[in-house]
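Structure provided below as structure tokens; questions to follow.
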Amino acid sequence: MKKFRIALLTSFMMALPALALAEDAPISELSYVLNTFSFLVMGILVMWMAAGFGMLESGLVRSKNVATICLKNISLFGIAGILFYLSGYNLMYAGVDGGYMGSFGLWAADDAAALAGDYSAGYSTASDWFFQMVFCGAACSIVSGCVAERIKLWSFLLFCAILCGLIYPIQGSWGWGGGWLSEMGFSDYAGSTIVHSVGGWAALTGAIILGARKGKYGKDGRINPMPGSNIPLATLGTFILWMGWYGFNGGSVLALGDAASAIEMSNVMVNTNLAACGGMIAAMIMVQVLYKKVDVTMGLNGALAGLVSITAGPATPSLGAAVLIGAVGGVLVVLAVPLFDKLKIDDVVGALSVHLVAGIWGTMAVPFTDGEASFLTQFIGVAATGFFVMAASAIVWLLLKYTIGIRVNEEDEYRGLDVTEIGMEAYPDFQTVHLGGMGSPAPGIGDAPAAARVAKTATQN
């Protein structure tokens, strides 16, 4: 369970130590205001990660699917907000009491006590809801990239609604809502398992049921590369995610108060940064050793794997340990990507390697630096979460498959989801104009052989 340690931290408060509060002292109005402000700002940083996921995935999918992936990433965030209001928050936090889920019902802000002068809650209820909601949206974003380029838009969004409204909050209540895992001592500071592996398990289940993209795996066992459309855009997305992670992990301190809380938040952010550095460099070295050339996408995913790896326990490691935890995550990504390909599990953006594999590693690594954590309890948390999310996700994916369908037909997949699903292109100025049918170049493009080559390239991309 996330322990809401109430505190305050601002520069001017450092200049006014007389106003600093002991942990057991009554909560002041100023502390209440500053804590509320902290939740909101950190939540905004986590929301900014949605843009990071959108840009990363847009860069790693082929150009004919970019507009669709953009639409998916902003619409899933809208769905997350509504479903976390309708059922998600209360299922995750309302009356769990060591059990397996909270209660059904609409969430509503209740700040009557604070308005009457009682600030013991420490922060406004709406600020807490907002901070928790953006984590829910992040879990859906993980699924988006993995199943890209062949899934129907509305089928994906319906799955997101179930994930946000039921699956994510139920499993989240076990650890963060005071449920049975919390009672056992399961430790997941900011969500290596509760957020990242949940998105990974859901994505893995979907990728298996959905199947691989046409042409990805040859009958002879060959793996055919399908390069992304925009490496600079993917790099920008990685930078945005890296930045947003400071809110993801730093905000999970859930306190901005006394010196101890301020130091903890500082250490969390520094460890978060160093883990990303370790993951990126380790992935680059590993790729160089194995393949004799550095793959940009592996470097990007290595940084993200480092961030995921440290998320379960960013407060306790030393600086060197944080680098090492992130580095192991980066190495695992390099090894996991070809493994999933050998299993013919088509993961377009490497989400399974980054969020699932590194999420499991990060959760299991917590006892190395936190003496209060147990390897057995951590394993139980990972296994229980994986079993529940995969089982629940499989039911939802299969219901969708045998009702409205989850996969576009082969022709639509070949043409690209931008045209077939939403009727527009992300890069219309770069598309070859055709007259008189598909594959016929428009007059004036140039010589026939060159025009044919351009047309072929456009249809392939």
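Just so you know, all these numbers are worked out from the coordinates, no wet-lab data involved. Owing to the predicted nature of the structure, the values given are computational and were not obtained by experimental measurement. Positions of Cβ are backbone-derived with ideal geometry, glycine not excepted, and every protein chain shown enters the neighbour counts.
Report, in degrees rounded to the nearest 10, the 0 to 90 angle that the Cα long axis of helix 296-311 makes with the longest principal axis of the chain.
Compared with the principal axis, the helix lies near 20 degrees.
When V61, V294 are ordered from fewest to most other Cβ atoms inside 10 Å of their Cβ, what list results?
So the residues, fewest neighbours to most, are V294, V61.
Sorting check: for 207-216, 170-179, which peptide has the highest mean count of neighbouring beta carbons within 10 Å, and how do the rest follow?
170-179, 207-216
Just check region 145-290 against the gyration tensor rule for me: Cα atoms, a ≥ b ≥ c as the square roots of the eigenvalues, rounded for a/c under 1.5, and otherwise prolate or oblate depending on whether a/b exceeds b/c.
Oblate shape, in that a/c is at least 1.5 and b/c is the bigger or equal ratio.
OK, next. Between helix 29-60 and the chain, what is the angle of the helix's C-alpha long axis to the longest principal axis, kept within 0 to 90° and rounded to the nearest 10?
The two axes meet at around 10 degrees.
Apply the a/c threshold of 1.5 to the C-alpha gyration tensor of region 333-393 and tell me whether it is rounded, prolate or oblate.
It comes out oblate by the Cα gyration axes.
Kindly put K342, K72 in sequence by how many other C-beta atoms sit within 10 Å of each C-beta, fewest to most.
K342, K72
Turning to a different aspect of this structure: Provide the packing ranking of 81-92, 217-228, i.e. peptides ordered by the mean count of other C-beta atoms within 10 Å per residue, highest first.
81-92, 217-228
Sort region 283-442 into rounded, prolate or oblate with this rule: let a ≥ b ≥ c be the square roots of the eigenvalues of the Cα gyration tensor; rounded if a/c is under 1.5, and if a/c is not under 1.5, prolate when a/b is larger than b/c, oblate otherwise.
Because a/c hits 1.5 or more and a/b fails to exceed b/c, region 283-442 counts as oblate.
Would you mind ranking T316, T403, T238, T369 by Cβ crowding within 10 Å, fewest neighbours first?
T403, T369, T316, T238
Return the distance in nm (one decimal) between the two label points of a simple spin-label model at A113 and M424, each offset 7 Å from Cα along Cα→Cβ.
Placing both labels 7 Å along Cα→Cβ, they lie 4.7 nm apart.
Using only the alpha-carbon atoms, how far is helix 259-291 inclined from the longest principal axis of the chain? Give it as 0 to 90 degrees, nearest 10.
For helix 259-291, the angle is close to 30 degrees.
Multiply the residue gap between L290 and A391 by 0.36 nm, knock off their C-alpha separation, and tell me the result in nm, one decimal place.
Net length gain for the segment: 32.8 nm.
Which value in nm describes the separation of the simple spin-label points at V33 and A126, placed 7 Å from the Cα toward the beta carbon?
About 1.7 nm separates the two model spin labels.
Quote the FRET efficiency, to the nearest 0.05, computed for Y414 versus F379 with a Förster distance R0 of 30 Å and r equal to the Cβ-Cβ distance.
Plugging the Cβ-Cβ distance into 1/(1 + (r/R0)^6) gives 0.10.
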